[in-house]
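> I'd like to ask some things about the structure below.
The values are calculated or read from the model by the stated rules, or taken from the named source; none is laboratory data. Because the structure is a prediction, the values reported are computed rather than measured. Neighbour counts are summed over all protein chains in view; Cβ atoms, including those assigned to glycine, are modelled from backbone coordinates with ideal geometry. Only protein heavy atoms, including side chains, enter the accessible area calculation; ligands, DNA and RNA are left aside. Shrake-Rupley method; radii C 1.70, N 1.55, O 1.52, S 1.80 Å.
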Amino acid sequence: QVQLVESGGGLVQPGGSLRLSCAASVTIFSIYAMGWYRQAPGKQRDLVAIISSGGTTNYADSVKGRFTISRDNAKNTVYLQMNSLKPEDTAVYYCKLVRGAITYWGKGTLVTVSS
């Protein structure tokens, strides 16, 4: 059984920063690609950033240059550093792990960008 637990969300002013964490309870964490997704109220869940087992990263165009995904395999954790936050970044942020035919999601952490 895989469990993903996100943390680090909260209320931040426009232009501010937050760092999200996702801790994974899975053996051999290092072999899995990890992703961050977000879902705003009334909208679909969209990809924000992904990081491969080898550390290759990809980002949604809307966050390029502002967000950075990273991982610490020793801690079974993936991070999302979010800078220059905008009101449109407001959403619940989820991390995702795919193992074989099964996709695992965390319960999410809410990020609210507002003055």
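> Is there a residue in segment 32-55 that is surrounded by 18 or more Cβ atoms within 10 Å (Cβ to Cβ) and either touching a His at 6+ places or on another chain (Cβ under 9 Å) or part of a loop (DSSP other than H, G, I, E, B) (or both)?
Scanning segment 32-55 turns up at least one residue that is surrounded by 18 or more Cβ atoms within 10 Å (Cβ to Cβ) and either touching a His at 6+ places or on another chain (Cβ under 9 Å) or part of a loop (DSSP other than H, G, I, E, B) (or both).
> Separate question: Only one residue in LYS75, LYS96 is touching a residue at least 40 places away in the same chain (Cβ under 8 Å) and over 15 Å from the mean Cα position of the chain (by Cα), so which one is that?
When all the criteria are applied, what remains is LYS75.
> Here is a further query. Given (1) touching a Leu at 6+ places or on another chain (Cβ under 9 Å); (2) open to solvent by less than 30 Å² (accessible area, probe 1.4 Å); (3) not charged (D, E, K, R), where does ALA23 come up short, assuming only one miss?
Evaluating ALA23 over (1) touching a Leu at 6+ places or on another chain (Cβ under 9 Å); (2) open to solvent by less than 30 Å² (accessible area, probe 1.4 Å); (3) not charged (D, E, K, R) leaves (2) as the failure.
> With respect to THR103, is the statement that it is assigned to a strand (DSSP E or B), more than 26 Å from SER30 (Cβ to Cβ) and either among the polar types (S, T, N, Q) or more than 13 Å from the chain's Cα centre (by Cα) (or both) true?
no
> Going by the structure shown, is GLY8 within 17 Å of the chain's Cα centre (by Cα), open to solvent by 30 Å² or more (accessible area, probe 1.4 Å) and on the phi > 0 side of the Ramachandran plot?
Criteria met by GLY8.
> Let me ask another. Restricting the first residue to segment 49-62 and requiring it to be over 19 Å from ARG99 (Cα atoms), which pairs with a second residue that is surrounded by fewer than 18 Cβ atoms within 10 Å (Cβ to Cβ) and at pLDDT 95 or above meet a Cβ separation below 6 Å and a spacing of at least six or different chains?
ALA60/LEU47
> Next up: Taking THR68, is it more than 11 Å from the chain's Cα centre (by Cα) and hydroxyl-bearing (Ser, Thr, Tyr)?
Criteria not met by THR68.
> When you go through (1) at positive phi; (2) open to solvent by 40 Å² or more (accessible area, probe 1.4 Å); (3) in contact with a Ser or Thr (Cβ under 6 Å, 6 or more places away or on another chain) one by one for ILE28, which number turns out not to apply?
Looking at each condition in turn, ILE28 falls short on (3).
Residue-by-condition table, conditions (1) within 23 Å of ILE31 (Cβ to Cβ); (2) surrounded by 12 or more Cβ atoms within 10 Å (Cβ to Cβ); (3) polar (S, T, N, Q):
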{"residue": "SER70", "(1), (2), (3)": "yes, yes, yes"}
{"residue": "ASN73", "(1), (2), (3)": "yes, yes, yes"}
{"residue": "THR77", "(1), (2), (3)": "yes, yes, yes"}
{"residue": "LEU80", "(1), (2), (3)": "yes, yes, no"}
{"residue": "LYS86", "(1), (2), (3)": "no, yes, no"}
{"residue": "THR90", "(1), (2), (3)": "no, yes, yes"}
{"residue": "TYR94", "(1), (2), (3)": "yes, yes, no"}
{"residue": "LEU97", "(1), (2), (3)": "yes, yes, no"}
{"residue": "VAL113", "(1), (2), (3)": "no, yes, no"}
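> Still on this structure, I have one more. Please determine whether any residue of segment 65-78 is part of a loop (DSSP other than H, G, I, E, B), within 20 Å of SER21 (Cβ to Cβ) and either small (Gly, Ala, Ser) or modelled with pLDDT under 95 (or both).
No, segment 65-78 has no match at all.
> Another question, if that's okay. Give segment 79-100 a look and list any residue that's hydrophobic (A, V, I, L, M, F, W, C) and in a loop (DSSP other than H, G, I, E, B), or say none.
Hit for segment 79-100 is LEU85, nothing else.
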